[in-house]
Each structure stands twice: as structure tokens, then as C-alpha cells.
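This report concerns only the one structure given below.
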Amino acid sequence: MAFSPVKLPKFGFLYNGLYITCRHVSKWIPSSLRTLLNIDSLQARQVGDPILREQAEIVDISTVHSPEFKQMVERMFKVMRKAKGQGIAAPQIGVGLQVFAMEYTGQHMKELKDQGCSDKEMKRMGIALVPPRVFVNPEIRIIDSTLLAFREGCLSIEGYSALVPRAKEIEITALDMEAHPITWRTMGWPARIIQHEMDHLKGNLYIDTMMYKSFMKNDWGNYIKK
Ligand SMILES: [Zn+2]
């Protein structure tokens, strides 16, 4: 009888009575990133896409140093800026890796003011400018677990928003684009963006933890007959 590898269990095999677990082989290697970036669009993946519900994988250091990884991060910024977003996680461009990018610009602040947000409200929200930042293999620790609920949206649930309770202050540790370790303790709006993006890396979306009755279509007012 021929030894058929097809009959082996999916994730391991018996060797002298020992169960050997095979190392998980990632499909997110530089060449697959290159292929995806060549074919994919500048639109964020939308809710319903299975990749938004998967746990993202840890990034290998060798991948961080590859040109394809840098291209992937550039693509993340392009997609985020096109949609006027403040944060984006790799799964939102179809890559199941633990990476997210964020920025909060003067333009974001101006748009918030134009929508009628007062200085007092902005202070309450903890709005603060954040230069473009990238976090690879991030982990967070809650510093102040006081929950604050503010309205947020997501590039992957276009056109909607809801109140979402988030911890007030957190500390994030991660690698930067050069694979150097970084730590950042922050509160207010930047802490909210970070918690939102960390959720993406676990396959979670804000609609899982939102205050359900606050969920709305942002332009609902346009549907009222005048
Ligand atoms: Zn999101």
C-alpha cells in the first residue's frame, strides 16, 4: 500500500507515537502582497467580506523589511486618505496581517468644526493631532478603563456611524516600519482610533460593541421629504 499524504490529519501527524504539529504557513508573504496590490482597488473592503472577520496574523520581521510591505502600507494610507479616514487596518485592504496606520490632521479638525463641533466638545472628545503613524504587531494595555462613548464610523461600514464606548486611556506597544519597538501612552481620540483599529486585527467591528440604538445612516436627514 502506498503511503498517501492525503490521509494525514490536516494540522499535524503522528511520528513514533508523538503528535507533531505543523508550523502554520502564512499566505501573507511579500510575493502574495505584491500580487494583491497589483489587482486590488483603492476602496476599503466592506462589511460582509470574510477577511474583516478573521484574526490577523503576526508579521514576520523579514516581511517588515521587504519593499512589498512598504508598498502595502503606502496603499493603506492611500485608501484611508481617499475616504478621509483617520485610521486603517491591513485587513481593510484585504491583507490579514497585524498592521494598522493612523493620522489625525488639521483638515480632520477643520471638518469637525465645520460640522458644528464646539471647542468644548472637541476637548471633551480628546481631539489631538496625530502625525502619520504605523503600528506592526501591536498590543494594547488599558491604563484608564473609564468608558467614554462617542460617535465613530468605519471605512468598512461606509455611510453609517454609532456611539461606541471605549476606554479613556491606553498604552500601545508595537514595532514601527523599521521593526523597532515603540511604546505610546495616549488618551482621548487617539486612544479611540487605536482601540478601533485593534478590533479590526481581531476580526471585530464597532457594530459588535456599539450602543445599538445610536446606529444611524449619516445622511438620514436627506431622506426626509421637504
Ligand atoms: Zn474601521
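With the stretch 114-226 as the region, which strands (runs of 3 or more DSSP E) entirely inside it contain at least 1 residues that are within 14 Å of the ligand (Cβ to nearest atom) and crowded, with 16+ Cβ neighbours inside 10 Å?
Details: elements: 130-153, 160-175, 181-187.
Where strands (runs of 3 or more DSSP E) fall fully within the stretch 114-226 and carry at least 1 residues being within 14 Å of the ligand (Cβ to nearest atom) and crowded, with 16+ Cβ neighbours inside 10 Å, they are 130-153, 160-175.
Between residues in the stretch 207-220 that are small (Gly, Ala, Ser) and residues that are modelled with pLDDT of 95 or more, which pairs lie under 9 Å by C-beta distance while being six or more apart or on different chains?
Ser214/Ala149; Ser214/Arg151; Ser214/Ser161; Ser214/Ala162; Ser214/Leu163; Ser214/Val164
Identify the residue in the stretch 28-61 that is at negative phi and without any contact (Cβ under 8 Å) to a residue 12 or more places away in the chain and, among all such residues, is nearest to the chain's Cα centre (by Cα).
Restricting attention to the stretch 28-61, the residues satisfying the condition of being at negative phi are 28-47, 49-61.
Next cut, without any contact (Cβ under 8 Å) to a residue 12 or more places away in the chain only: 32, 35, 38-39, 41, 50.
Details: Ser32: 20, Thr35: 21, Asn38: 21, Ile39: 21, Ser41: 18, Pro50: 14 Å.
Only one residue tops the list, namely Pro50.
Among the residues of the stretch 90-107, is any within 29 Å of Gly188 (Cα to Cα) and hydroxyl-bearing (Ser, Thr, Tyr)?
Applying the first criterion (within 29 Å of Gly188 (Cα to Cα)) to the stretch 90-107 yields 90-107.
Filter once more, keeping what is hydroxyl-bearing (Ser, Thr, Tyr): 104-105.
Within the stretch 90-107, one or more residues are within 29 Å of Gly188 (Cα to Cα) and hydroxyl-bearing (Ser, Thr, Tyr).
When residues of the stretch 130-170 are filtered for being under 30 Å from Ser41 (Cα atoms) and either acidic (Asp, Glu) or in contact with a Gly (Cβ under 7 Å, 6 or more places away or on another chain) (or both), how many remain? Lay out the reasoning, then the answer.
Taking the stretch 130-170 first, the residues under 30 Å from Ser41 (Cα atoms) are 130-139, 151-164.
Filter again for either acidic (Asp, Glu) or in contact with a Gly (Cβ under 7 Å, 6 or more places away or on another chain) (or both), leaving 139, 152, 155, 158, 160-161.
Result for the stretch 130-170: 6.
What is the residue count in the stretch 71-113 for residues that are of a type in the set (A, V, I, L, M) and away from the ligand (no atom under 14 Å from the Cβ)?
Applying the first criterion (of a type in the set (A, V, I, L, M)) to the stretch 71-113 yields 72-73, 76, 79-80, 83, 88-90, 93, 95, 97, 99, 101-102, 109, 112.
Narrowing the set further to residues that are away from the ligand (no atom under 14 Å from the Cβ) leaves 72-73, 95, 97, 109, 112.
So the answer is 6.
The values are calculated or read from the model by the stated rules, or taken from the named source; none is laboratory data. Keep in mind it's a predicted model, so treat the numbers as computed, not measured. As a convention, Cβ positions derive from the backbone with ideal geometry for all residues, glycine included, and neighbour counts pool all protein chains shown.
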